[in-house]
Amino acid sequence: MNGMGLMAVTGWTAPGWTAQVWTVAKPSLAPALGLAGLLLAALLLTLELRRSRDRSVPRRIVRASATLGCVAALLLLCLRPAHWVDTDPRAGVLFTAGSPQVELTSRSTQPQAALHFSLADSPLLPSPGPLRAQSIPDAAFLTRHFTDLRRLRVVGHGLDPWQLAALSSRLQPGSTPPPSRGLERVSWRRSLTLGESLLVQGRWTAGEAPGRLELVGPGGVEATQQIAAAQPQATRTSRLVSFSFTAKPRTTGRFLYRLRWRALGESSTGDPAAGDIPLDIAVSEPQPPRLLWLESAPRFETRHFKNWLASTGGLLALRTTISRDRYRRERLGEGPQPPARLTSERLRNFDLVVVDRDSLADLSTAEVGALRREIGDHGLGLLLLPVGEREPSTSRLRRLSLDIDTAPIEDLEELAVRLEWPGSEESTPGEPAPVLRIPAREFAIRGAVEPLAFDGAGRALAARKPLGTGYSGTTLVSDTFRWILEGAAPTHHRYWSHLLSSLARPRSGQRWQLPAQPSLLDRPMELVLWSAVESPSAELLTPAGERLTVALARDGSRHGPGPHPWRGRIWPRQTGWYHLAAIESGAATDFYGQPGEPWSSWIEAQRRQATVLRAFRDAALPSRTATAGHQRQRRPLPRWPAFLLLLVSLTYLWVDEKLKQITVS
């Protein structure tokens, strides 16, 4: 069945029925036909008993029963008795795209009084039976005009999330077709800064033939993965294959990377091809974060980090403890001076605070409170280094969201690790990162904790944890300057770039958050602007050069100071690049509007998952068993039992008569 979002609704009888009153097709003829049937039965029975006196008693009884069976079958065929059943007009069946043909056949045989609907911009639902479909503009039409509709059984791929949100009826899952070969799920960051790596992850539904999945960038094929053929009887889950691709944009700009399926042995080029799935990427120049580095003593790590940061134009304020309440202050670039004491106002001049254990332990209670407020309310980042002689108190670590549990590694005191992180394979092409020796411990990844770096065995060695609008992170890795001494300076630079970008707050007071999914034409796209402005405004530049105002509404789920999420919704109408900008700060982002044909399998999966999730949620709601609104409906009995009874009875009478003739002759 074609047509995305195609649907029709027909009346659905509640499970089970109770036969309470028996009627006939033509009640006015029932007495006359009944009396005629009784007289005919009496006459035939009398004649039969007289004609069969020469037969045995059992055969006479069977022939009499067969005669009565013929009369009864004829009466049933003429009268067509029916029974009354309880039906619920508040229930229905919802056919969507991909409905199995057997469902169409069974649902199209509902009573003629059933209502059917189809979307105005969709073709009529193909079905063996006639469907008198009423054209409706959208799914919300059912909520507006059929207020008594309480239950819908959904058949096929299901409905889009925004269509489900417009339905007030309780959903029940129905049969769904097998998934099509293609993309089932995908996620990627749509906005990157130069130097960051693009990570594309998702799941692909395997088909009957093997092949390979490719990530194609502006310069050609960036990565590839083999996809085996699915078994003929494979379940939906077993047909899913996970994939993960990494690429690194080499310059700033707007790019379309593409997921491409190729059969084994088929060549591929970097040019766009039919069936490609575009992934839009906007790469911008990085804004170096403003760093405040607090160390309890001079270290080689700090010196090498400062030299690298100076080469990139970064901003650094360094405060080194000389003795109690005595510090040495240094400033790199045109950034702010390192403060003697930490306050909320002074911390607002920085995007990330790097501190070692001793320096964190020496902070006063007021300084810890200011640090916590700035992280939670204004998105400041915090990184704790594993150096120093004193361990901060547990309560202090908990206040700053640094209470990330570590676990010892059995039978080991020290680990020799080659550190890995997203994009680490591009640090020194063809060469692994040099070995570092660290204590034999690893972070426990659970809850909201996210790994930032790990070793070859997958053990987390750096992690972060959210605290309000910001992040607090810590690492078990120290002395990374040894990479520089061993000639692996790119590894050192990439590692620290990764940590800084993962923890530092954005330089702009406003930032856009786009969904990790495509912007398809004629489908809604949810936008989030994080802003501390009282009433921010935004503008959208379309591919045709038209400027549109984007309506934003504050999300009331977050309270207190700091940036708040402002949500908006747009419907892309044109293929091409869109430019979205916040008017107050100039915070901007770009995205690509595209048709939905290459994403058909992804759309099917999104509808299926959204519909099942809604059905599970509705199933958890309290059931309403009241029968108010139920109606009585008359349903004739099927004719085939009467035909069968008539055929069996006549056959026996004919066979018995033939046997009698043979016996006499």
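Structure above, values below:
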quantity	calculated
Estimated inter-spin distance, LEU43 and ARG254, nm [label 7 Å along Cα→Cβ]	9.1 nm
Per-residue HN-Hα couplings for region 403-410 [Karplus 6.51, -1.76, 1.60; θ = phi - 60°; Hz; x = Gly/Pro]	7, 8, 5, 10, 10, x, 9, 4
Cα-only Debye scattering, region 327-388: base-10 log of I(q)/I(0) at q = 0.25, 0.26 Å⁻¹	-1.27, -1.34
DSSP beta bridge pairing in region 289-415, given as percent antiparallel to the nearest 5	30 percent
Simple label model, 7 Å out from Cα along Cβ direction - GLU345 to ARG331, nm	1.7 nm
Rounded accessible area per residue of region 511-607, 1.4 Å, Å²	46 Å²
Partners for LYS660 among aspartates and glutamates (Cα-Cα distance below 17 Å; same-chain residues under 8 apart left out)	GLU48, ASP54
Global size of region 519-587 as Cα Rg and Dmax, reported in angstrom	12.9, 40
1.4 Å probe accessible area per residue over region 285-435, in Å²	50 Å²
For region 294-407, alpha-carbon Rg and Dmax in angstrom	13.9, 42
Cα-based convex hull, region 353-426, per residue volume (Å³, whole number)	138 Å³
Förster-model FRET efficiency, 60 Å R0, ARG80 and ALA209, C-beta, rounded to 0.05	0.65
Centre separation in Å (Cα based) which lies between region 294-334 and region 152-215	48 Å
Other-chain or far-sequence residues with amide H under 5 Å of ARG189's (modelled H)	LEU199
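The values are calculated or read from the model by the stated rules, or taken from the named source; none is laboratory data. Just so we're clear, the structure is a prediction, and the values are computed from it rather than from any experiment. Note that each Cβ is placed from the backbone with ideal geometry, even for glycine, and that neighbours are counted across all protein chains shown. Surface areas here come from the heavy atoms of the whole protein model, side chains and all, with no ligands, DNA or RNA. Shrake-Rupley method; radii C 1.70, N 1.55, O 1.52, S 1.80 Å.
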